1. Rg over Rh of region 47-130, using C-alpha atoms and the Kirkwood radius, what does it come to?
2. Compute the length gained on full extension between Thr139 and Thr21: take 0.36 nm times their separation in residues and subtract their Cα-Cα distance, giving the result in nm to one decimal.
3. Sequence-distant or interchain residues sharing an amide H contact under 5 Å with Gly102, placed H: which?
4. Between Gln63 and Thr90, how high is the FRET efficiency from 1/(1 + (r/R0)^6) when r is the Cβ-Cβ distance and R₀ = 35 Å? Nearest 0.05.
5. Please give every one of the lysines within straight-line cross-link reach of Lys47, meaning a C-alpha to C-alpha distance under 25 Å, and leave out same-chain neighbours fewer than 8 residues apart.
6. Could you check the spin-label model distance between Gln160 and Gln120? Points 7 Å from the Cα along Cα→Cβ, value in nm.
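Just so it is clear, none of the values below were taken in a lab; they were calculated from the coordinates. Since the structure is predicted, the reported quantities are computational estimates derived from the model, not experimental observations. Glycine gets a Cβ as well: all are built from the backbone with ideal geometry, and neighbour counts include every protein chain shown.
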Amino acid sequence: MATEEITTLSASDEWSRQLETTFSASSIALSSADEPYGNYGAMFYVKAIFDVTITALDFYGAQVEAGVPVQLYGRPGKYVGHETNSTGWTLVYDNASLELFGRTSPASLSGLNINIPPGQFHSFVLWSPNRKIMYNPGTVEETVYSSNAYIEFYEGVGVQSLFNGDPTTLSRPRILRGELNFDVKFTGEPSAAPSLSLSPSAVPSAVPSQNPTLVPSRQPSLRPSSQPSSSPSAIPSLSPSSQPTGLPSSQPSSIPSSQPSSSSSP
């Protein structure tokens, strides 16, 4: 008799498929006041409250001009202690010919993909080597300037010369003008993991369902019913049939035998 193989699904794989992940676009405003302050670079950091991915950075240039080189550097954590040293910074955006729209309309660094896990800080340096980027004077460096339910933006510094080792080229505190765009990752979990085994229960319920299901099963049982017994019961009935009467029948059978008796009467 062929053996039927029963496959049991991987619990971790099945549970992962139950998770529902969605992304929601959002943004946070940086400084918005149009004031005559700017430099070739601006440095700041943010803190993620949820799992966020930075997708774009909008900023204002000092004048309208096309073909302007612009770069964006990033590093995990806070920039403090790393303002003038390139170690640990990564170039995440490099455009040799970006169009700036002056102090009235923002330019955008789009196509960014910088993930920040919840509870983590991440620092940025926006840099243009020959055109000034607009910012405003701050109040206290490293204090929260703006925030929402997903991210916090902190006051930073202005940069006159990139990673030159000279802290006197920094202006502090400063707040970049613009807006930071990001996606928020939401992951929902079911209330409980579903049963994964395709095999029937080891011990069936002792009490049958009160009402049968009105809809037939989508798949038949994987195991056939137990086979009927091939031998009689091991123990016969303990009670005999009713005792026969000791008297002949009061009336003979109304139907004669199909064949006459082979012996004569005595």
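1. That ratio equals 1.00.
2. Result: 38.6 nm gained on full extension.
3. Gly61, Gln63, Val64, Glu65
4. Given R0 = 35 Å and the Cβ-Cβ separation, E is 0.75.
5. Answer for Lys47, where 25 Å is the Cα cut-off: Lys78, Lys185, listed by chain and number.
6. So the two model labels end up 3.5 nm from each other.
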